[in-house]
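The values are calculated or read from the model by the stated rules, or taken from the named source; none is laboratory data. All values reported here derive from a predicted model rather than from experimental measurement. Methodologically, a virtual Cβ is constructed for each residue, glycine included, from the backbone with ideal geometry; neighbour enumeration extends over all protein chains shown.
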Amino acid sequence: MPTVRVAQSLGGADLGWAFEALEEAIDAGDERLRAHAFVQRGLLRLFTGSDVTDAELMLVGEQAIEVFAAVGDDLGLARAWRLVDQTEYRARRAGPSVTAAERALAYARRAGDRFEEREIVQFLLTSLILGPEPAGEAVTRCERSLAAASSDPVLELNGLGALAYFFAIQGRFAEAEDLLGRCRGLMGPLGAGFWVPPVYFALAATWRDDPVAAERELRPGHLALTQVDEKSNFSSLAVVLAQAVYSQDRYDEAEALAEEARLASQPIDVQCEAIWRTVKAKVLARRGASEAAQNLASEAIAYIEDSDFIPVHAQALMDLEEVLRLGGRPSEGVPILDRAVRLWEQKGNVVAAAHARARKARAQRF
């Protein structure tokens, strides 16, 4: 059965041909083929369609699940649940995204489709990292993902990188470094252009307070994605790089990277949509534009606070506190730091919680 396969990496491509092929399948196919086409069109629109709503995408996924369940189409069920998973993520509901991803993954493995399995695992682990799952519980899920990797180096790399992240935020740096070393050993055979592990390396360096190392890990991927004009992965990488550069006091460059992230961002790029704003807000605050900085940081909080993207929310609060402090209002940041501490603790990020408490103690001395 001919279908158009949709990968997250297609974000920078001209996909008009794909939409045309899917419309033809919708017009001419039987119910099962039509359901496949609707799901694949939905997956495309997740990354390219600003005119589509989360409710529309969710309805497509739910209706397709009914069709595929009736005929026992495991591959169709994997793709339909992946659409639900990624729609939940776009709607800033990381917890339900994880649940749907695990449903999708079970069907992808039953269908024996490695492409689907890789796509689903990447989103599953991203939702675990950015969502409400406490670090201790997320470790168990990551270990389960590794156990089922079936000697696939891409799946193993993703599982090791995510597990290293959860060890790092708990202060288990030696264990995290051991896992990242295993990642480096696996990367060689995959060749250039595999961007995910360097982000894990950079995140681990961030929690070690080493922004120089974080930048070093991210620069090759940033250059490679810039050269090929790739968008869907670029925004996530650029915003993490902007944070690393800002931490090295290179504020103009950080602002430029945040702007790159903004221009590349799609509605599904939840972390990017919050953090490009707070990086730019901090740069504005350092230039003395306190009101504009606070407005932009508050906009980021408004965007993320109704979500369950706990670490993104906590980081945005930390950045808002910095904007207030730079604007000469340190006492107003104290309750904001209290909120950040609670969120970091909820996530199990003991390293970030300690940073926030230390910053609060300094603020209270003024």
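Observations on the structure shown:
- Any hit, region 149-167, residues being out of contact with any Ser or Thr (no Cβ under 7 Å at 6 or more places or on another chain), modelled with pLDDT under 85 and of a type outside the set (Ser, Thr, Tyr): yes
- Where residue 170 falls short, out of the listed (1) under 19 Å from the mean Cα position of the chain (by Cα); (2) under 24 Å from residue 94 (Cβ atoms); (3) surrounded by fewer than 21 Cβ atoms within 10 Å (Cβ to Cβ): (1)
- Within region 315-365, being among the basic types (Lys, Arg) and either in the same structural domain as residue 136 (by TED's automatic domain parsing) or within 25 Å of residue 170 (Cα to Cα) (or both) holds for 339, 342, 347, 357, 359, 360, 362.
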